[in-house]
Amino acid sequence: MAASRNLDRLLTVALGGLASALVAVALFVVYPDTLTELFGVLVAIAAALLGLRFASNIAGSLFPDYDVAEVAVEGPISRDGGGGPLPTSPGATPADDVVEQIDRADEDDNVDALLVKLNTPGGEVVPSDDIRLATERFDGPTIAYATDVCASGGYWIASGCDELWAREGSIVGSIGVIGSRVNASDLAKKVGLSYERFAAGDYKDAGTPLKEMDDDERAYLQGLIDDYYDTFVERVSDGRDLESEFVRDTEARIYLGEQADELGLVDHLGTRREIEDELADRLGADDVTVEEFEPKRPLMARVGAGAQRVAYAFGAGIAGLGDGRGFRLRS
């Protein structure tokens, strides 16, 4: 199939180049007007080269030479790619864009398999689940592979793929959820600030930093975290075919790839080249050609995102619930 596409592309380019050359010779050499014959030959050559490039672009559109789509999830995961939960963290992965690229790959007749590259410490709960659902909808083999970090929301996403690959030094796991709040009530008293409540509903201001939290509020917020954790365990248990008790027993630990492989948290250890070889075997091909599917962004946005990723080390996970109240939920 790939050989047939390559032949079609080559034939299209050759015919386009030949047609361009014939037209150029006819216009500038056979029937010269005020141009000298030498100048006409030069113009003909230039026109032929432009025609070849144009034909090549058309051939690339008509006969793509890829059969595997790759979609990347890098950095903290959020709905729209806004800043991460920490002041020093880079812009987050926009989940809606990732879902769009996976769906576009699924609709592309040339794409037979999907690679999901994961290098993320986690992110917001629902956006992570949206990406997982998109991988489950994809009609074909899906392989997730961890580069540096596949933690928390990243592992949530991986649970929707057929397999998870990692490197020996990859960081994998963190199957858990954490909620946090800043208690600034003592500081407020020292600087002469007081909290005056205007709210309807007993728990409307639960987690507000400027007041002490009572036992009922604490139990309420812990219940939210427990519910998210139960959902996380269920997703991983079902998607990765693991016992729920085993998942809970990890206690949100992180593991290096080699240990994660021994525990069954990943399916294989290997390089990107080995993953492509595995996909070629699955698709019954000699080899595969991978096309990166990514949203179109302005140049400065791409440069900025690249600089942030270079500067980013290791950060927080699932975040965003209750930001307006000072209460943060993350993995």
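The values are calculated or read from the model by the stated rules, or taken from the named source; none is laboratory data. Computed from a predicted model, the values in this text were never measured in an experiment. Here the Cβ is made from the backbone with ideal geometry for all residues, glycine too, and neighbour counts use every protein chain on show.
Structure values in brief
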{"read-out": "Residue check for Leu86: of a type in the set (A, V, I, L, M, F, W, C), at pLDDT below 85 and over 30 Å from Ile171 (Cβ atoms)", "value": "no"}
{"read-out": "Among (1) more than 24 Å from the chain's Cα centre (by Cα); (2) within 20 Å of Ile143 (Cβ to Cβ); (3) of a type outside the set (S, T, N, Q), the one test that Asp216 misses", "value": "(2)"}
{"read-out": "Close pairs (6 angstrom Cβ cut-off, 6 or more residues apart or separate chains): of a type in the set (Gly, Ala, Ser) in region 272-286, part of a loop (DSSP other than H, G, I, E, B) and surrounded by fewer than 16 Cβ atoms within 10 Å (Cβ to Cβ) anywhere", "value": "Ala280/Asp287"}
{"read-out": "Pick from region 97-119, criterion without any contact (Cβ under 8 Å) to a residue 40 or more places away in the chain and assigned to a helix (DSSP H, G or I), ranking: nearest to the chain's Cα centre (by Cα)", "value": "Val98"}
{"read-out": "Among the residues listed as Asp148, Asp129, the single one being charged (D, E, K, R), within 15 Å of the chain's Cα centre (by Cα) and crowded, with 19+ Cβ neighbours inside 10 Å", "value": "Asp129"}
{"read-out": "Some residue of region 189-211 being part of a helix (DSSP H, G or I), in contact (Cβ under 8 Å) with a residue 24 or more places away in the chain and assigned by TED's automatic domain parsing to the domain that holds Ala151", "value": "no"}
{"read-out": "Residues (under 22 Å from the mean Cα position of the chain (by Cα) and either in a helix (DSSP H, G or I) or not assigned by TED's automatic domain parsing to the domain that holds Arg167 (or both)) located in region 238-264", "value": "Asp238, Gly239, Arg240, Gly257, Ala260"}
{"read-out": "Residue within region 165-179 that is aromatic (Phe, Trp, Tyr), in the same structural domain as Thr271 (by TED's automatic domain parsing) and outside any helix (DSSP H, G or I) present", "value": "yes"}
{"read-out": "Flag if Gly284 is surrounded by fewer than 15 Cβ atoms within 10 Å (Cβ to Cβ), under 29 Å from Gly140 (Cβ atoms) and modelled with pLDDT of 95 or more", "value": "no"}
